[in-house]
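Quick notes on the structure that follows.
The values are calculated or read from the model by the stated rules, or taken from the named source; none is laboratory data. All of these numbers come straight from a predicted model, not from anything done at the bench. Here the Cβ positions follow ideal geometry from the backbone for every residue, glycine too, while neighbour counts run over all protein chains shown.
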Amino acid sequence: MGKEFDTNFLYEIVFGFMPRQFKNTAEDRYMYEEEGDVTEIYFIMKGDWAVAFNSYSKSDINFLTLQTDEDLRGPDDMQANGYMIA
């Protein structure tokens, strides 16, 4: 853990950077899911993001009384799977 970077190391890893774009759709909504394999690291440059959790309520999420913000329930496809935005 130093304050200097090895320029050869930086040169080698920079070719591995590849641009990614995730859209706000049901098919492209999740970067990683719980307990899934992580094979890449993402650096988020712009846009909105959130962390979600499984409420294990599946389609019964409407019984929850969220007093603060309706956005915690997320889009319809997330509600159908029982996911809520943390």
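So, of the residues in the range 51-78 that are surrounded by fewer than 10 Cβ atoms within 10 Å (Cβ to Cβ) and at pLDDT 75 or above, which turns out to be nearest to the chain's Cα centre (by Cα)? Among residues in the range 51-78 that are surrounded by fewer than 10 Cβ atoms within 10 Å (Cβ to Cβ) and at pLDDT 75 or above, the one nearest to the chain's Cα centre (by Cα) is VAL51. Restricting attention to the range 1-24, the residues being surrounded by 10 or more Cβ atoms within 10 Å (Cβ to Cβ) and within 22 Å of ASP76 (Cβ to Cβ) number 1. Within the range 8-25, residues that are under 22 Å from LYS46 (Cα atoms) have Cβ atoms under 6 Å from residues that are not in a helix (DSSP H, G or I) in these pairs: PHE22/ASP28, counting only partners at least 6 apart in sequence or on another chain. All told, ASP37 meets the bar of being of a type in the set (Asp, Glu), closer than 25 Å to GLY82 by Cα and at pLDDT 85 or above. Could you tell me whether any residue of the range 25-39 is surrounded by 10 or more Cβ atoms within 10 Å (Cβ to Cβ) and over 25 Å from ASP76 (Cβ atoms)? No.
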